[in-house]
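Only one structure is covered here, and it is reproduced in the block below.
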Amino acid sequence: LLLLLLLPPTTALAPDPEGCGGFNVSAMEAWEQGLMRDYSGGASALGRVCFATADPDPVGRAYFLLGLKALHNFWYDLCQHAFARAVARAPRFQMAYWGRAMCESQLIWNSERPGASAAFLVQGRQIAASGSPQPPALSRREEAYYQAAEALNNLTSPEALSCLTGASPSCVDDACRTRPCRYQTFGERLAALAATYPDDDSAQAFGVLGHLAVGSVVCTRTQCGEFDRARAAAEAAYQRNPQFPGTLHYGMHAHDFANASVYGGGTKYAVAYPRYVNATCHSLHMPSHIWDRQGNFSLGVRSNNVSVHSADAFSRSGALRYQGGDIGVNNTVHGGKGFAFNAGNLYHSLEYQQYEMLMKCQVKPARRLLARMSYATHQAVSRLPGLRGVQLERSQPIAEYGPKLGDALMYATTYNQWHYRMLARQILITTLLYTMPSFDGPSSSDGALSVEYYSIYSVKHPLPLSWSTNITVYSHVAYSPQSEAGLWNAISIAQLLLAMEEGPEYEATSDYYQDEVCGGRYGGSASLYGDGCVSSAVGTALDVIAKARDRYDESGFAYESLQMESLRLQVLSMEKYMMLQKNNTEDREADLIRTAESASNYTVAAMKKLLPTSTSLMFIPGPGFYGYMLMQLAKKEKVPAKRDRLNSKALDAFSLCLSPLIRPNYLVCLLGAARTAKALGMQEKAKDFYAAILVNAEGSNDCGGLVAEAKSNVDGGGNDNGDDQKSMLNVYLFIILPVALACTIILLSWCTFCIFRWRRQRNGSDSWMALREDSARSASAHGIVVSSG
């Protein structure tokens, strides 16, 4: 229904746009025609895109436009399908080979297959140079597009080879080693193309994309001018055509930074993109990047809800009957993706939606999304060729049968990346909300939070993912390390908190104590296949996170490396907090505080790089965790002055967590800030934080206790007497007043009854007296004497 509400009222097929060279959709299938629809008011299923080509086949040009629309919207599976159809329909359509090559270059995601792209481009050149009749020659504009793609995918050009010296040691192939130089050359070609053809909307949009692509590989350690140039190019293209899908899409990416002055400029793109492109999963999702930066999680949930519904509607459109087969076999579209078509966009939206629901304390709906991701992960792995009877020659090296199993395995296990991150958030956010110290009552009484917290022991320890440079839906080298690290961080922190509740047999996880259950610190090793003991979880977490940090260091990913160190220090902090419960000394407490503060500092250092970071790369922000640990110490502190100092530091940490640099309106930090402000007697400040919680939790049925706490502090102005006053009002309204009314009604009824009875008796007495007098007169008339008795 939400998706239908976004659609404009008219649904007629658009006429051939002037200057597009003419195209015909009549030979397309119904679902393909639906994606080519334009509507009144400038809206369109995939956006209004025009690109004149010289090929004489109008059906081939229609498929070309469909592919170009998909390319601008990062719908890469559809991009491959449409350009493949264009080639099949018009084999001598050279620009269709250009489009098919571009589908393999997912630039902002650092995901590419330059060998496959180069093969398509070579095939297009060969088709143009051989056979009869000769295809129409490329125009100068088309030739510029083609040469830019060739520069992007040529691993042996002089420009590319100049990158081999000093390449990252983590790169295992020339595609990785030459990427910075190739992207730089590609960006320069696109900038020249945009300058030469100012009326070409695609050229202007691709100019923005070129800057973003260069920035993604050049600006890995700090903000740099490429992103400023991307924003400037997006603004110029927007002024020329504020409805073009590529401009709106890339313009939003150019503003997706942890900087209020930057992400504020993305609002107009966030509003316009789903308005003018209303049938793609990614176009409907992208505004949530800006809404989440602003802390507007209600708009984020709406965006991703519609996005997921759009993807589900597409899956029912009949399009996927061509997409059956096992995952990843030969890396083909028509035989290899099945239900995984557009999975990269669908599950990216699902992940964001779950995060936003947790920020709104919609715990059970978030759990349902996690269950869906879990099922999809199982489905992906179970459809591996080796599990479905595909014969493999196991004597061959993996490089030879990789396309049959190795690539398929990595493709399937990309689902684990989404699942691990979603599970980590479900564990961490609910755990910290449930155990957040309260200074005037129990931490939380919400059943949904307690269920999540006490189910941590049922979570299986994750299997390791591939960290290779092979490309699947998302690059494993970019996302797998932090996905694993995040989940191990969540499991170990939650289990340490539970262990402190369970008893002393779980407490000894340090060098200072022997763990009676697990046989020493970490069970004697940091095995990825632990025995289920808390010590195994902690040891493995520290090991995996450290390796992830080192891998990002080697790869030159500074932001990710700093975040991994923050995760590692969070685990160490919680471990030290457990040790503190056994033997509390000033030195140990100071050491704990320093460790937790360092975790905060590493997060801040990462965010200050102002790189285009994603919510998917954030678990519990370091400042929020630091504030949480300070609150735990303050709760147990007996000296009032010291307790106030700890709470004051905690409030500062939570305020930093809520700043535009980190995570505005992050629910864990809002709750911590509200409670510490109240404990410090800052009633108005506490009231502001509680009011923000009510905005976040609007519509939540899972956090009644938290919502009631916030309402009592907002309604009572943070006054401690607010709850008592409200309770007395409830007693008066729902007990005393109803009883008084009932008594009044009973009394009135009794009085009415008595009056009625009295009147009846009086009427009866008067009648008897009248009868007696009549009888006396009658008797006198007959000479009879009647006594007074």
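General observations
- Extension reserve of the Ser40-Arg594 stretch, reckoned as 0.36 nm per residue once the Cα distance is removed: 193.4 nm
- Placing pseudo-labels 7 Å out from each Cα toward the beta carbon at Phe756 and Ala30 gives an inter-label distance of 7.1 nm.
- Remark on Glu112: its backbone amide H falls under 5 Å from those of Gln106, a criterion applied only to residues 5 or more positions apart or on other chains, H modelled at 1.01 Å from N.
- If R0 equals 45 Å, the separation of the Cβ atoms of Ser317 and Leu164 corresponds to a calculated FRET efficiency of about 0.45.
- Cleavage-rule hits, GluC sites (Glu not before Pro), the stretch 596-703, DSSP coil, Cβ neighbours within 10 Å at most 14: Glu698
- Remark on Ser44: its backbone amide H falls under 5 Å from those of Tyr39, Val277, Asn278, a criterion applied only to residues 5 or more positions apart or on other chains, H modelled at 1.01 Å from N.
- Two-site FRET efficiency, Ala137 against Val695, from Cβ-Cβ distance with R₀ of 60 Å, rounded to 0.05: 0.50
- The trypsin sites (Lys or Arg not before Pro) of the stretch 621-660 meeting both criteria, a DSSP state outside H, G, I, E and B (loop) and at most 13 other C-beta atoms within 10 angstrom of the site's C-beta, are Lys638.
- Measuring against 18 Å, Cα to Cα, the residue pairs Lys360/Lys649; Lys360/Lys685; Lys642/Lys678; Lys582/Lys635; Lys649/Lys685 contain Lys360/Lys649; Lys360/Lys685 as the ones spanning a longer distance.
- Label separation (Ala54 vs Asn241): 2.2 nm, computed from points 7 Å beyond Cα along the C-beta direction.
- Residues in the stretch 368-380 carry Karplus couplings, in order, of 5, 5, 4, 5, 5, 5, 4, 5, 4, 4, 4, 4, 5 Hz; the curve used is 6.51 cos²θ - 1.76 cosθ + 1.60 with θ = phi - 60°, and Gly or Pro positions show x.
- Using the Cβ-Cβ distance between Glu586 and Ser458 with R0 set to 51 Å, the FRET efficiency works out to roughly 0.85.
- Candidates Ala272, His285, Met252 compared by Cα position along the dipole of the stretch 244-328: farthest toward the positive end lies Ala272, with charges placed on Cβ.
- For the pair the stretch 28-51 and the stretch 65-120, the centres of their Cα atoms are 18 angstrom apart.
- Shape category assigned to the stretch 230-279 from the gyration tensor of Cα positions, a/c cut at 1.5: oblate
- At full extension, Lys364 and Asp199 could sit 54.4 nm farther apart than now, given 0.36 nm per residue minus the alpha carbon distance.
- On full extension, the segment bounded by Arg372 and Ala742 gains 127.9 nm, given 0.36 nm per residue less the C-alpha separation.
Values in this text are rule-based calculations from the coordinates and carry no lab data. The shown structure was predicted, so the numbers you read here are calculated from the model rather than taken from an experiment. With ideal geometry, Cβ positions are generated from the backbone for all residues, glycine too; neighbour counts draw on all protein chains shown.
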